[in-house]
Amino acid sequence: MTSPTTTPLGAALDRLLDGLPPRQATAAVERLIASYRGRTVSAAPILRDRADAVAYAAYRMPATFEAISAALRELAGRLPDWAPDSHLDLGGGTGAAVWAGAGTWPGGPRETTVVDWSEPAIALGRELADGAGLPVDWRRERLTPGVGLPAADLVTVSYLLGELPEPAREGLVDAAAAAAGAAVVVVEPGTPDGYLRVRAARDRLLAAGLVIVAPCPHDATCPIEPGADWCHFAARVSRSALHRRVKGGVLPYEDEKFSYVAATRNAPATAAPPRVVRRPQLRKGQVLLDLCTPDAALRRETVTRRQGPAYRAARDTSWGAGWPE
Ligand SMILES: C[S@@+](CC[C@H](N)C(=O)[O-])C[C@H]1O[C@@H](n2cnc3c(N)ncnc32)[C@H](O)[C@@H]1O
């Protein structure tokens, strides 16, 4: 979606890793990958100590930051006259959504609260955010379905639902909807399972009376047949030196696949355009766009060179954008 540049978060993470012996950092990342490869639903925090938190920050946070930023940009694009005054991030870990919120709206939300049950993640998140002057109230708390949450204009739930046992997910999304004065954004990995969790969350948000503003241009049932396909998008992420060392490869970037839903209490003033739900296919003199449309259908549109400006726009459009933009 966006090309990788050195973000303020990237610079903060580089500084964090500067003093760390490479072997120690690599070992921590490998341990983290192993934890996440197994069952991720866990009765205790996966990020148990500082090394785990640093590994998460170095290895996953740049990607989750880009995915959340992409989702928040879509929300902001649908509500151009709105900015959150307060932000509550659930299962916020090392604070990716804090940085994404601050980067999406000039000046960022005035008040940000992060809730997470991992003390080492919170400690590192605080250290990173303090270094950038981002004011955050960090709360160490276990999120359970009945948990009381502080009210906030914007509530984000990113890469958390997969770590909760299934019965707890619905309650957590209901609690997020109840706490949100204006908007809820849920982000999950762009896998078939991540999509199903987002789809279930979307149903709960609709049941709570919210309206969907992205990525779906409608509030009807998702037209994708579960199991046959999954709705997801991609965010480009710069790969750090540590990332390259652990994962190998030479590319300076990779694409983080993510699924998301953004819902608001009040409908935006303008109707949503169709959404490009796959990478556009460029053919000779043609661009093929796979769209999800406001009447809740999946449709392929072929834009040909003869269509002049529309063709040029189609060549420039991207996976995840509205069409026409
Ligand atoms: C994969 S990390 C995502 C962190 C962050 N939201 C991001 O997008 O980078 C999941 C986070 O959820 C937290 N978490 C998982 N289950 C939790 C629970 N029941 N209560 C509070 N936090 C929880 C973990 O400690 C971890 O920091």
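The values are calculated or read from the model by the stated rules, or taken from the named source; none is laboratory data. Source: prediction; values computed, not measured. Every residue, glycine as well, gets a Cβ built from its backbone with ideal geometry; the counts of neighbours run over all protein chains shown. To get the accessible areas, we keep the full protein, side chains included, count just its heavy atoms, and leave off ligands, DNA and RNA. Shrake-Rupley method; radii C 1.70, N 1.55, O 1.52, S 1.80 Å.
On average over all directions, what projected area in square nanometres does segment 275-316 have, based on the convex hull of its Cα atoms?
Details: hull surface 11.3 nm².
Averaged projected hull area, Cα only: 2.8 nm².
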Go through ILE33, ILE212 and list them by solvent-accessible area, largest first, probe radius 1.4 Å. ILE33, ILE212
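Per DSSP helix of 4 or more residues, -39500 (n - 2.57); summed, then divided by the residues of the chain. What does that give at 222 nm, rounded to the nearest 500?
-11500 deg cm²/dmol
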For the chain, what proportion of DSSP beta bridges, expressed in % and rounded to the nearest 5, is antiparallel? 60
According to a simple spin-label model (label point 7 Å from Cα along Cα-to-Cβ), what is the distance in nm between GLU111 and ARG279? 4.4
Across the alpha-carbon set of segment 8-264, Rg over Rh with Rh taken as the Kirkwood radius works out to 0.94
Unit charges at the beta carbon, dipole of the chain: most positive-side option, LEU251, GLY190, GLY171: LEU251
With all protein chains in place and a 1.4 Å probe, GLU30 shows an accessible area in Å² (nearest 10) of 100
Pull out a ≥ b ≥ c, the square roots of the eigenvalues of the alpha-carbon gyration tensor of segment 102-173, then state rounded if a/c is under 1.5, prolate if not and a/b is larger than b/c, and oblate in the remaining case. prolate
Among THR64, THR264, THR293, which one shows the highest mean-square fluctuation when the chain is modelled as a Gaussian network with alpha-carbon springs under 10 Å? THR293
Quick one: among ALA310, ALA83, ALA67, which has the greatest mean-square fluctuation in a GNM of the chain with alpha-carbon springs under 10 angstrom? ALA310
What is the dipole size for the chain, taken about its Cα centre, with +1 at each Lys and Arg Cβ and -1 at each Asp and Glu Cβ, in debye to the nearest 20? 1220
Residue-wise, which Karplus ³J(HN,Hα) couplings in Hz belong to segment 258-266, taking 6.51 cos²θ - 1.76 cosθ + 1.60, θ = phi - 60°, and x for glycine or proline? 9, 10, 7, 9, 10, 10, 10, 6, 10
